[in-house]
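The structure appears below as C-alpha cells.
The values are calculated or read from the model by the stated rules, or taken from the named source; none is laboratory data. Remember, it's a predicted structure, so these values are computed and weren't measured experimentally. Neighbour counts are summed over all protein chains in view; Cβ atoms, including those assigned to glycine, are modelled from backbone coordinates with ideal geometry.
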Amino acid sequence: MTTFAVPLRRRGNLLGTLNVFVPTLPDTTPADDSTSELHVAQALADAAALGLQNRSTYAQYRALSGQLQGALSSRVRADEAFMALRQYARRQRLPLDQVASAVVEGVVDDAELRRESGTSADGPA
C-alpha cells in the first residue's frame, strides 16, 4: 500500500493534510507511477481545500447577511417611530422636539403614540 500525506493549502494558508492510501502490489509500481499518484493526491487536496475555504467564506457571509438584516430591521423601526412622533406632533400642534422630549421624560405614553399612528405594540395595524 502506498500512502501520501499532502497539504491542504489555500492561498498560502495551511488548512490541514489529506492522507491518501493507494493499494498496490509489492514491487509493481514504478517510480513514475508514484509521482503521478502524488500529483493526483495533491489535486484532490487542492479541491478539498477549495471546498473548505468556500464553506468558511459562505459562513462568514451568512453571518454578515444576518447582521445587515438586523440593522435594516432596526432602521425600519426607527423610521416608523419617527413617523409616529411626527404625526403625533402634527395632530397635537406641538413642535417635534417638544414631543420627543415628552416621550423621553415619560410624559407622553407610547400607547398614545401608537393609537395616533395606527400601529399596535406588535407592529402596524
With (1) surrounded by fewer than 12 Cβ atoms within 10 Å (Cβ to Cβ); (2) free of Cβ contacts under 8 Å to residues at least 12 places away in the same chain; (3) at negative phi as the list, and ARG93 as the residue in question, which single condition is left unmet?
-> (3)
Close pairs (7 angstrom Cβ cut-off, 6 or more residues apart or separate chains): at pLDDT below 80 in region 52-76, assigned to a helix (DSSP H, G or I) and surrounded by fewer than 10 Cβ atoms within 10 Å (Cβ to Cβ) anywhere = none
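Which of the residues spanning region 16-38 are at pLDDT 90 or above and not small (Gly, Ala, Ser)? Even if it seems obvious, please write down each step before you answer.
The first filter runs over region 16-38 and keeps only residues at pLDDT 90 or above, leaving 16-19.
Selection gives THR17, LEU18, ASN19.
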